[in-house]
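Scroll down for the structure; my scribbles are underneath it.
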Amino acid sequence: MAMNSKGTFKEIGIREGEKLHEVIITKDDSRSTYEYENHYIIYPNFDWWNVSERFTEGGVLIEEGFEYNPSNNVKWLKVEELKELLNKLTFE
């Protein structure tokens, strides 16, 4: 309960359209995905899209066939870490 330790919740199960095992970066998208220090960018894969004009420096093309989904995530936040990140948020 990172946002409200006194909060309550009711587990309702999976909802219509909800995914249990979502693939964030598909194997097909790996051909146009670049890895950065803290994120990935999937660039459009169209003939008319010129990646070199819009490329963000510092990215490395990931290996073809790579797939990113929650099951291969290596960094899971603990509740305390999540609280720290939430406390750093600012809203206008």
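Read-outs throughout are calculated quantities, based only on the coordinates presented, and are distinct from any laboratory measurement. It should be emphasised that the depicted structure is a prediction, and the values quoted were computed from it without experimental measurement. Ideal geometry is used to build each Cβ from the backbone, glycine not excepted, and the neighbour counts take in all protein chains shown.
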One computes Rg over Rh for the range 29-88 from alpha-carbon atoms, with the Kirkwood Rh, and obtains 1.09
The chain, relative contact order in percent, only Cα pairs under 8 angstrom and at least six apart counted = 37 percent
Between LEU89 and LYS10, the two model label points (7 Å from Cα along the beta-carbon direction) sit apart by a distance in nm of 2.4 nm
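For VAL60, VAL74, what ranking results if the residue with the fewest other Cβ atoms within 10 Å of its Cβ goes first?
In order of increasing Cβ crowding within 10 Å: VAL74, VAL60.
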Taking neighbour Cβ counts within 10 Å as the exposure measure, how do ILE14, ILE24, ILE62 sort from fewest upward?
-> ILE14, ILE24, ILE62
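Please work out the FRET efficiency for the pair ILE41 and GLU80, using the Cβ-Cβ distance as r and a Förster radius of 35 Å; give the result to the nearest 0.05.
0.75
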Provide SER52, SER5, SER30 in ascending order of the number of other Cβ atoms located within 10 Å of each residue's Cβ, fewest first.
-> SER52, SER5, SER30
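With each run of n ≥ 4 DSSP H residues scored as -39500 (n - 2.57), what mean residue ellipticity at 222 nm is computed for the chain after dividing by its residue count and rounding to the nearest 500 deg cm²/dmol?
After summing the helix terms and dividing by residue count, I get -4000 deg cm²/dmol.
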So which trypsin sites (Lys or Arg not before Pro) in the range 34-88 pass both tests, a DSSP loop state and at most 12 other Cβ atoms within 10 Å of the Cβ?
-> LYS75, LYS78
